[in-house]
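Comments concern the structure below.
The values are calculated or read from the model by the stated rules, or taken from the named source; none is laboratory data. Treat the numbers as computed from the prediction; the structure is a model and nothing was measured. Here Cβ is always computed from backbone atoms with ideal geometry, including for glycine, and neighbour counts include all displayed protein chains. The area values use the complete protein model at the heavy-atom level, side chains included, leaving out ligands, DNA and RNA. Shrake-Rupley method; radii C 1.70, N 1.55, O 1.52, S 1.80 Å.
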Amino acid sequence: MGLKEVNVTGPKVSFEIFGLKISETVILSWIVMALIIGIILFLTHNMSKTNPGKKQVVAEWIVTTFNKLVKDSMGERNIGYAPYMTTVFMFSIFGSLISLLGLRPLTGDFNATFSWALITFVMIQVAKIKNDGVLGYLKGFTEPIKLLTPLNIISEVAKPVSMSFRHFGNIASGIVITQLVYFALTSLSSAIGLDFPLFTIAIPSVLSIYFDLFCGFMQAFIFVMLTMAYVGSAYPEEN
């Protein structure tokens, strides 16, 4: 099998409902959501104030960690954003890790990362309007001088695009690289006369672990940190 036979495609359409095409990303998203909900129910089952079990300790550690992260990055008054940051992080991590099960990672679909970035974009605009008012919000695009208004608007609109492309690009490139290496090793096995792809046993798995685990974790962390930075910047500094 030669490299010319490598075929990397986007998410496939699984089925249609009343003419609406449902891609595998949508189905996998529901699977990931069910998995996360299942883990949450497992960790929070039979919680106790006086005698917390190991599961409860893990659950409390997760909550405490994200609360502290939001508090340090956005300030005490914005602690209410912690559940959203935790949700996006978990969704991103599990969305990348499902590829270890042979499934296409959610984060390898631009539609998924862009939808998260759009939510962040709306949160930024709402926060700015809440703090500056509508007139103050619009005036902010004319600062420091009116001549920069078009650039300020483009810069604001570019935030969700850059966030989503950064996350998607790193994961999608990992998919492409892993596939190229897999087929190259398959060709090498055939070239030396082996009847089975011996060289594909370990190396692609190592690459998959790197791109899906390490890179997936880093991109999820960066996405959450950017979200906190952008939303937090919409609020005036605490005294």
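Here are a few things to note about the model shown:
- Here the accessible area of the stretch 50-103 is 67 percent carbon and sulfur, with a 1.4 angstrom probe and all protein chains present.
- Tail fraction, Cα-Cα pairs, the stretch 84-155, threshold 14 Å, whole percent: 71
- Solvent exposure of the stretch 1-134, expressed per residue, is 62 Å² of accessible area, with all protein chains present and a 1.4 angstrom probe.
- Shape of the stretch 140-187, Cα gyration tensor, a/c cut at 1.5: prolate
- Convex hull volume of the stretch 1-143 per residue (C-alpha atoms, cubic angstrom): 233
- Sequence-distant lysines (8 or more away, or on other chains) whose Cα lies within less than 17 Å of K159: K128
- Of the peptides 61-71, 165-175, the ranking by mean beta-carbon count within 10 Å, highest at the top, reads 165-175, 61-71.
- Model label points for L135 and V157, set 7 angstrom from Cα along the Cα-to-Cβ axis, are 2.7 nm apart.
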